[in-house]
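The values are calculated or read from the model by the stated rules, or taken from the named source; none is laboratory data. Everything numeric in this text was worked out from a predicted model, so none of it was measured. All Cβ positions, even for glycine, are placed from backbone atoms using ideal geometry, and neighbour counts span all protein chains on display. What goes into the accessible areas is simple: the full protein's heavy atoms, side chains included, and nothing from ligands, DNA or RNA. Shrake-Rupley method; radii C 1.70, N 1.55, O 1.52, S 1.80 Å.
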Amino acid sequence: MPLPVVLGLLALGLLAAWWGRRRLGGGAVVAALAVLWLSSWAPLADRLLAPLEARYPAMPELPEDEDVSGIVVLGGGWAGEMPWTSTGRLGESSAIRLMEGVRLWHQRPSLPLVVTGASRRPGVPPVAQGYAQAARELGVAEDRLRVLDTPTDTGLEARSVREVLGEGAQVVLVTSASHMPRAMHHFQRAGLMPVAAPTHFLAMRQERGSLGYWVPSATHLHKTERALHELLGQLAVSLEY
């Protein structure tokens, strides 16, 4: 994550200056500001994130000529302990993933909608249960829901889906566009046949002619964080398998 790197460089610079190494300290501070500027700058953030999000195209319609066994919505963040509505407790990426999954499900209501995701915090219900509640309220039939609330990461989600739908099942996989390349790798390795339905696109949302595109901001910093997170995640997947 760029921000801890920046803070580390700033701390190094202050310590170096305290020890009388002003040249080293000044260099560390300049490097910290440069990293913060570039990480928060849309041209760099989009350059890092856009290739990941463009790996798989969006899916306007379910494929009619393929034998699909289910629609799978991968877990994300949520505030399950808060006294809000079912959709309000879902994090940004989770809400968009579920909305996309429900949209696709309405095109073929005979398919099961599989929602996944456990909770890493004691006392907080799994995100899959939050997905299920919101999906019911958005019109998904109870008997079409499959709730997998024990997997804590993408690899475990893939194996859980395989246990429910069977090895070799073809599934429509719904997750954030930047996360899709890693998720596809996990599902293929689990013996499934995933068809990508990416959503929650973050890159290239601002026009290059606008002032906001060229001014560093926390929005662009978040895109850089997502890109680095997924690149490291893909490295971890290659080492895992």
- Length gain on complete extension for the stretch V30 to A58, per 0.36 nm per residue less the alpha carbon to alpha carbon distance? 6.0 nm
- Would you kindly give the portion of the calculated P(r) for segment 1-127 that falls above 24 Å, as a percent of all Cα pairs? 58
- Tell me, what does the Kirkwood hydrodynamic radius of segment 98-145 come to in angstroms if you use every pair of distinct C-alpha atoms? 11.2
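Charges at C-beta only: +1 for Lys and Arg, -1 for Asp and Glu. How large is the resulting dipole of segment 138-192 about its Cα centre, in Debye rounded to 20?
Using Cβ point charges on Lys, Arg, Asp and Glu, segment 138-192 gives about 220 debye.
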- Note on the structure: In degrees rounded to 10, the 0-90 angle between helix 42-53 Cα long axis and the longest Cα principal axis of the chain is 30
- Item | Long-range Cα-Cα pairs in segment 51-189 (distance over 25 Å), rounded percent | 20
- Query: What is the Cα coordinate range of segment 188-241 on the first, second and third principal axes, sorted by size from largest, in whole angstrom?
  - Reply: 47, 23, 13
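For the chain, what does the helix formula give at 222 nm: sum of -39500 (n - 2.57) over DSSP H segments with n ≥ 4, over the residue count, nearest 500 deg cm²/dmol?
Estimated from H runs of four or more residues: -16500 deg cm²/dmol.
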- Item | Full-stretch length increase - R121, H229 - with 0.36 nm per residue and alpha-carbon distance subtracted | 36.8 nm
- Task: Would you mind giving the three semi-axes, in whole Å and largest first, of the ellipsoid equivalent to segment 125-241 according to its Cα gyration tensor?
- Result: 30, 20, 13
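How would you order 100-106, 142-148 from highest to lowest mean count of nearby Cβ atoms within 10 Å? Let's see the in-between values first.
Details: 100-106: 21.0, 142-148: 15.6.
Listed from highest to lowest mean packing, they are 100-106, 142-148.
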- Message: I'd like to know which of A95, V114, A135 lies farthest towards the positive end of the charge dipole of the chain, counting +1 on Cβ of Lys and Arg and -1 on Cβ of Asp and Glu.
- Response: A95
- Message: Under a crude label model (7 Å from the Cα following the beta-carbon direction), how far is T152 from Q107 in nanometres?
- Response: 3.5
- Task: Name all residues of segment 18-45 having a backbone nitrogen under 19 Å from the label point set 7 Å from the Cα of L211 along its Cα→Cβ direction, giving them as ranges.
- Result: 41-43
- Task: Calculate the all-directions average of the projected area of the chain's alpha-carbon convex hull, and give it in nm².
- Result: 16.3
- So how far, in whole Å, is the C-alpha centre of segment 175-203 from the one of segment 90-158? 15
- Over segment 46-113: Kirkwood hydrodynamic radius from C-alpha pairwise inverse distances, Å: 14.1
- Message: Accessible area of the chain with a 1.4 Å probe: how many percent of it is carbon plus sulfur?
- Response: 60
